[in-house]
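Trainee: Sharing a structure below in structure tokens format, with a few things to ask.
The values are calculated or read from the model by the stated rules, or taken from the named source; none is laboratory data. This one's a predicted model, so the numbers in the text were calculated from it and none came from an experiment. Backbone-built Cβ (ideal geometry, glycine too); neighbour counts: all protein chains shown. Areas reflect the complete protein model, heavy atoms only, side chains present, ligands, DNA and RNA absent. Shrake-Rupley method; radii C 1.70, N 1.55, O 1.52, S 1.80 Å.
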Amino acid sequence: MTKIAILGIHTGIGKTIVSAVIAEALGADYWKPIQAGLEERDTTTVSQLITNGMNRVHKEAVLLSQPMSPHAAAIIDKVDIDFKEFGWPQTNKTLIIETAGGVLSPMSADGTVADFVSHYQLPAILVVQNYLGSINHTLLCIEVLKSRDINLLGIIINGEENESSESFISQYGLVPVIARVPMFDAPDNEKIVSCAAQIKQTLIESIRGENY
């Protein structure tokens with residue numbers, strides 16, 4: 001089974017929609033290990049967006065009541081998070097793992113998202129948006145991942161194109177731009193299926209080394 005971690009250069013960057021598109025394109029399962037906040041659960045969102053989502057989306061390892069950084073929410077809920085002890089979903093499909101927040105966001109009291117991905121030696125895809133400062137944010141994240149020997153398969157742009165920014169990031173960071181996912185006003189299954197079909201081939205080519 002192939003496992004792929006979906007990371008973002010910060011929170012709110014579009015990881016959930018991109019995860020849904022990737023899961024749809026690969027016929028993969030989806031898992032978000034830690035969910036902070038009960039009102040807008042990404043697990044629920046993805047189950048509604050991908051085909052046969054109820055059977056392909058797995059329950060969170062940790063579900064926290066407050067929509068804040070997991071390490072802070074865990075204190076409120078009196079939960080001890082140890083990602084080294086997570087029980088992983090049982091599936092024979094590719095597993096798309098959506099992380100919480102950005103690359104160096106806390107995932108526990110003493111570990112970050114990057115630490116989690118490094119511990120399990122997960123190949124990763126980095127979700128990026130183009131905005132003033134995004135070159136710096138993206139390259140910093142790439143440096144962090146490379147410093148931990150994380151296999152960064154490439155980046156996916158969520159939203160509008162900026163050719164000069166993307167070209168600089170790709171050339172300087174030595175990381176390919178795999179695909180672009182639109183910033184949907186009202187995402188639904190039809191839009192996710194259509195987008196997935198468009199990026200499927202380039203996505204498969206990007207992860208071919210992961211025995212997909």
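Trainee: Specify the residue that is nearest to Lys200 (Cα to Cα); the eligible residues are those in the range 81-97 that are of a type in the set (D, E, K, R) and touching a residue at least 12 places away in the same chain (Cβ under 8 Å).
Mentor: Lys93
Trainee: Name the residue, out of Glu160, Glu143, that is open to solvent by 60 Å² or more (accessible area, probe 1.4 Å) and not in a helix (DSSP H, G or I).
Mentor: Answer to the check: Glu160.
Trainee: For the range 41-67: of the residues being buried (at least 20 other Cβ atoms within 10 Å of the Cβ), in contact with a helix residue (DSSP H, G or I) (Cβ under 6 Å, 6 or more places away or on another chain) and of a type outside the set (D, E, K, R), which is nearest to Ser19 (Cα to Cα)?
Mentor: Top of the filtered list is Val46.
Trainee: Given the criterion among the polar types (S, T, N, Q), over 26 Å from Glu143 (Cα atoms) and without any contact (Cβ under 8 Å) to a residue 12 or more places away in the chain, identify the matching residue among Ser194, Ser167.
Mentor: When all the criteria are applied, what remains is Ser194.
Trainee: Pairs, please: C-beta under 6 Å, at least 6 apart or cross-chain, first residue modelled with pLDDT under 95 and in the range 46-71, second assigned to a loop (DSSP other than H, G, I, E, B) and of a type in the set (A, V, I, L, M, F, W, C)?
Mentor: Short answer, once both residue conditions are applied: Ala61/Phe86; Val62/Ile81; Ser65/Leu38; Pro70/Ala100; His71/Ala109.
Trainee: Anything in the range 15-40 that is more than 17 Å from Glu60 (Cβ to Cβ) and open to solvent by 20 Å² or more (accessible area, probe 1.4 Å)? List them, or say none.
Mentor: Across the range 15-40, the qualifying residues are Ile17, Glu24, Gly27.
Trainee: Would you confirm, using the coordinates I've provided, whether Leu153 is within 29 Å of Met54 (Cα to Cα), part of a strand (DSSP E or B) and of a type in the set (A, V, I, L, M, F, W, C)? Let's see the steps before the verdict.
Mentor: Details: within 29 Å of Met54 (Cα to Cα): yes; part of a strand (DSSP E or B): yes; of a type in the set (A, V, I, L, M, F, W, C): yes.
Taking the combined requirement at face value, the residue satisfies it.
Trainee: State the number of residues belonging to the range 188-212 that are at pLDDT below 95 and within 28 Å of Leu132 (Cβ to Cβ).
Mentor: Residues that pass the stated criteria total 2.
Trainee: Criterion first (closer than 28 Å to Thr44 by Cα and of a type in the set (Phe, Trp, Tyr)) does Phe184 satisfy it?
Mentor: On the way: closer than 28 Å to Thr44 by Cα: yes; of a type in the set (Phe, Trp, Tyr): yes.
Against the criterion (closer than 28 Å to Thr44 by Cα and of a type in the set (Phe, Trp, Tyr)), Phe184 qualifies.
Trainee: Here is a follow-up. Working carefully through the options Ala100, Ala179, find the one that is crowded, with 22+ Cβ neighbours inside 10 Å, touching a residue at least 60 places away in the same chain (Cβ under 8 Å) and either of a type in the set (Gly, Ala, Ser) or touching a His at 6+ places or on another chain (Cβ under 6 Å) (or both).
Mentor: Step by step, each of Ala100, Ala179 is checked, and only Ala100 is crowded, with 22+ Cβ neighbours inside 10 Å, touching a residue at least 60 places away in the same chain (Cβ under 8 Å) and either of a type in the set (Gly, Ala, Ser) or touching a His at 6+ places or on another chain (Cβ under 6 Å) (or both).
Trainee: Further, regarding this structure: For the range 59-125, which fully contained strands (runs of 3 or more DSSP E) count at least 2 residues that are within 21 Å of Leu140 (Cα to Cα) and in contact with a strand residue (DSSP E or B) (Cβ under 9 Å, 6 or more places away or on another chain)?
Mentor: Counting at least 2 such residues, we get 106-108.
Trainee: Residues being assigned to a helix (DSSP H, G or I) and more than 17 Å from Ser105 (Cβ to Cβ): count how many of those fall in the range 30-58.
Mentor: Qualifying residue count, the range 30-58: 10.
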